[in-house]
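Written out below as structure tokens is the structure these notes cover.
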Amino acid sequence: GGLTGWPKTSGGRGLHVFVPIEPRWTFTQVRRAAIAVGRELERRMPQQVTIRWWKEERGERIFVDYNQTARDRTIASAYSVRPRPHAPVSAPLRWDEVGVAHPRDFDIVTMPRRYAELGDVHADMDATRYSLDALLDLAAKDERDHGLGDLPYPPEYPKMPGEPTRVQPSRARKAAPKEPGT
């Protein structure tokens with residue numbers, strides 16, 4: 001079966017999507033599943049979605065941040081007030097609000113009214129836990145058929161086994177040896 005995601009604002013510019021999973025996979029398996037989701041979204045919507053870590057490669061596309069599954073990453077909890085000037089709140093959303101609601105719509109003043117009117121729009125999130133089996137099969141197929149393994153970790157992380165280089169593309173080109181006579 002498919003997965004159901006539960007969107008919320010980050011309290012900044014981003015959007016988080018929770019997918020409650022069965023607690024039976026390793027950290028590495030969860031990361032591989034997240035990368036597989038990002039790759040599949042990029043394949044299906046290449047003009048709209050990317051998994052490119054470096055901002056210079058993204059353009060205006062939506063970045064699926066697979067590194068939210070890197071160890072020790074944290075996210076703002078639902079309904080938490082963020083430390084910014086207008087006191088934004090990380091707001092659980094319904095899918096029909098995604099693309100319509102703006103993060104600035106949710107702050108310490110507007111959230112109590114929203115909650116009073118709608119209740120917790122994520123109240124049913126814990127009713128189902130999902131399997132990652134299909135995504136892990138997709139990750140294995142990506143690796144077997146296309147040579148697509150792990151992706152770079154954040155710059156401050158130690159080098160991980162099987163991780164590709166973490167060189168920013170523009171710096172990699174600058175670091176390339178010059179042709180003789182140039």
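Restriction of the GluC sites (Glu not before Pro) in region 1-103 to DSSP coil positions whose beta-carbon has at most 13 other beta-carbons within 10 angstrom yields 60.
Express in whole angstrom the spacing between the alpha-carbon centres of region 73-119 and region 1-69. Their Cα centres are 20 Å away from one another. Near residue 49, the amide H atoms lying under 5 Å from its own belong to 62; only residues 5 or more places off or on other chains count, and H is placed 1.01 Å from N. Computed from point charges on the beta carbon alone (+1 for Lys and Arg, -1 for Asp and Glu), the dipole magnitude for region 6-146 about its Cα centre is near 380 Debye.
Using Cα-Cα distances under 8 Å and only pairs 6 or more residues apart, what relative contact order does the chain have, in percent? Write down the numbers at each step before the final one.
Values: 212 pairs, mean separation 45.3, N = 182.
This gives 25 percent for the chain.
Listed values for region 7-24 are Karplus-derived 3J(HN,Hα) couplings in whole Hz (6.51 cos²θ - 1.76 cosθ + 1.60, θ = phi - 60°), namely x, 8, 6, 7, x, x, 8, x, 10, 9, 10, 7, 10, x, 10, 5, x, 9, and x replaces Gly and Pro. Note the listed values (i) -1.03, -1.35, -1.43; (ii) -0.95, -1.23, -1.32; (iii) -1.05, -1.25, -1.30, then indicate which one is log10 I(q)/I(0) by the Debye sum over Cα atoms at q = 0.15, 0.18, 0.19 Å⁻¹ calculated from this particular structure. Answer label, from the structure shown: (i). Of all aspartates and glutamates in the structure, the ones whose alpha carbon falls short of 12 Å from that of residue 55, not counting any fewer than 8 places away in one chain, are 65. Charged neighbours of residue 73, selected by a Cβ distance under 15 Å, balance to -1 (K, R count +1; D, E count -1).
Close amide H partners of residue 130, meaning residues 5 or more places away or on another chain with modelled amide H under 5 Å apart, are 21, 22.
Derived scalar couplings between HN and Hα for region 137-143 equal 5, 5, 4, 5, 5, 4, 6 Hz in order, rounded to whole Hz, by the Karplus curve 6.51 cos²θ - 1.76 cosθ + 1.60 (θ = phi - 60°), x for Gly and Pro.
Could you give the length gained by full extension between residue 77 and residue 141, i.e. 0.36 nm per residue of separation minus their alpha carbon distance, to one decimal place? If you can, show how the numbers build up before the last one.
Details: separation 64, 0.36 × 64 = 23.04 nm, distance 3.37 nm.
Full-extension gain reported as 19.7 nm.
Residues whose amide H comes within less than 5 Å of that of residue 107, counting only those at least five positions distant or on another chain, are 89 (H built at 1.01 Å from N in the peptide plane). With both labels modelled 7 Å from their Cα along Cα-to-Cβ, the residue 4 to residue 159 distance reads 4.5 nm. Using a probe of 1.4 Å, the accessible surface attributed to residue 107 totals some 30 Å² when neighbouring protein chains are kept in position. Binning all Cα-Cα separations of region 41-143 at 10 Å, short to long from zero, yields these whole-percent fractions: 11, 29, 39, 19, 3.
In order along region 38-49, the phi-based Karplus estimate (6.51 cos²θ - 1.76 cosθ + 1.60, θ = phi - 60°) of 3J(HN,Hα) comes to x, 5, 5, 4, 5, 5, 6, 9, x, 7, 10, 10 Hz; Gly and Pro are listed as x.
The values are calculated or read from the model by the stated rules, or taken from the named source; none is laboratory data. All figures in this text were calculated on a predicted structure; none of them were measured in a lab. Ideal geometry is used to build each Cβ from the backbone, glycine not excepted, and the neighbour counts take in all protein chains shown. Surface areas here come from the heavy atoms of the whole protein model, side chains and all, with no ligands, DNA or RNA. Shrake-Rupley method; radii C 1.70, N 1.55, O 1.52, S 1.80 Å.
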